[in-house]
Amino acid sequence: AWMKVNDKWLSQSEFAEFLEEHITDVAAPPLLDGKPDLSDAEKHLLNLISTLESKFTGPSGILELSRGLSIRTEEKFESRQKLATGEMTIMFSNEHKDEQGGKLKVPDMFLINIPVFKNGANYQIPVRLRFRKEGPALLWKFLLHRTERAISHAFDEGCTKVKTETGLPLFIGRSE
């Protein structure tokens, strides 16, 4: 289900319906600060959060966003031209602010905790959240972060389990 909506713009109602249906997949933000022994996945997540300067949220935060967001848009346009030299300066800015006119603070990342394969082990996958205002509409997008790592790990674990439990050699290939 998450792969179907990955990197696709959703309307506010589609976003809300999807999250309501899949809110149990959303994990609480991990407590990584001060934890002595971080796993490789936790180190990667901490690095991702700091590199992207992300604001993390959990199930309640993402559900609150699905119920609505108030945005005040301020657009500024400035154009200057010096006729004598032909120099021209154009400046355009578009700022999103909260209802009171302050800086809009919208979380841009959360975790999902889902099995990669049916009945398999759960994997925590970071999800980046994007939004865009188009006229009177608000659009949302999920970007699953590096799912190929979780899929590869789950596949390798499955192969090891099959090999161990059957005692037979494992062949990985393609049909002819």
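Inside the range 111-131, residues that are in a strand (DSSP E or B) and either under 14 Å from the mean Cα position of the chain (by Cα) or hydrophobic (A, V, I, L, M, F, W, C) (or both) make up a count of 12.
Count, please, the residues in the range 142-151 that happen to be part of a helix (DSSP H, G or I) and surrounded by 12 or more Cβ atoms within 10 Å (Cβ to Cβ). So the count comes out to 4. With respect to the conditions (1) open to solvent by 40 Å² or more (accessible area, probe 1.4 Å); (2) assigned to a loop (DSSP other than H, G, I, E, B); (3) modelled with pLDDT of 65 or more, PRO107 falls short on a single one, namely (1). Looking only at the range 152-176, which residues are without any contact (Cβ under 8 Å) to a residue 12 or more places away in the chain, of a type in the set (D, E, K, R) and surrounded by 10 or more Cβ atoms within 10 Å (Cβ to Cβ)? Selection gives ASP156, LYS161, LYS163. Considering THR24, THR57, the condition of being at pLDDT 75 or above, within 30 Å of ARG149 (Cβ to Cβ), open to solvent by 40 Å² or more (accessible area, probe 1.4 Å) and among the hydroxyl-bearing types (Ser, Thr, Tyr) is satisfied by THR24 alone. Does PRO30 satisfy being surrounded by 15 or more Cβ atoms within 10 Å (Cβ to Cβ), more than 14 Å from the chain's Cα centre (by Cα) and not in a helix (DSSP H, G or I)? When the stated conditions are applied, PRO30 passes them. Of all residues in the range 161-176, those being assigned to a helix (DSSP H, G or I) and either farther than 21 Å from GLN124 by Cα or modelled with pLDDT of 90 or more (or both) number 5. Looking across the range 130-151, the residues that are over 14 Å from MET3 (Cα atoms) and either of a type in the set (Gly, Ala, Ser) or in contact (Cβ under 8 Å) with a residue 60 or more places away in the chain (or both) come down to PHE131, ARG132, LYS133, GLY135, ALA137, LEU138, LEU139, TRP140.
Determine whether SER70 is surrounded by 14 or more Cβ atoms within 10 Å (Cβ to Cβ), modelled with pLDDT under 80 and touching an Asp or Glu at 6+ places or on another chain (Cβ under 7 Å). No, not satisfied.
The values are calculated or read from the model by the stated rules, or taken from the named source; none is laboratory data. From a predicted model like this one, the values you see are computed outputs, not experimental measurements. Here Cβ is always computed from backbone atoms with ideal geometry, including for glycine, and neighbour counts include all displayed protein chains. Only protein heavy atoms, including side chains, enter the accessible area calculation; ligands, DNA and RNA are left aside. Shrake-Rupley method; radii C 1.70, N 1.55, O 1.52, S 1.80 Å.
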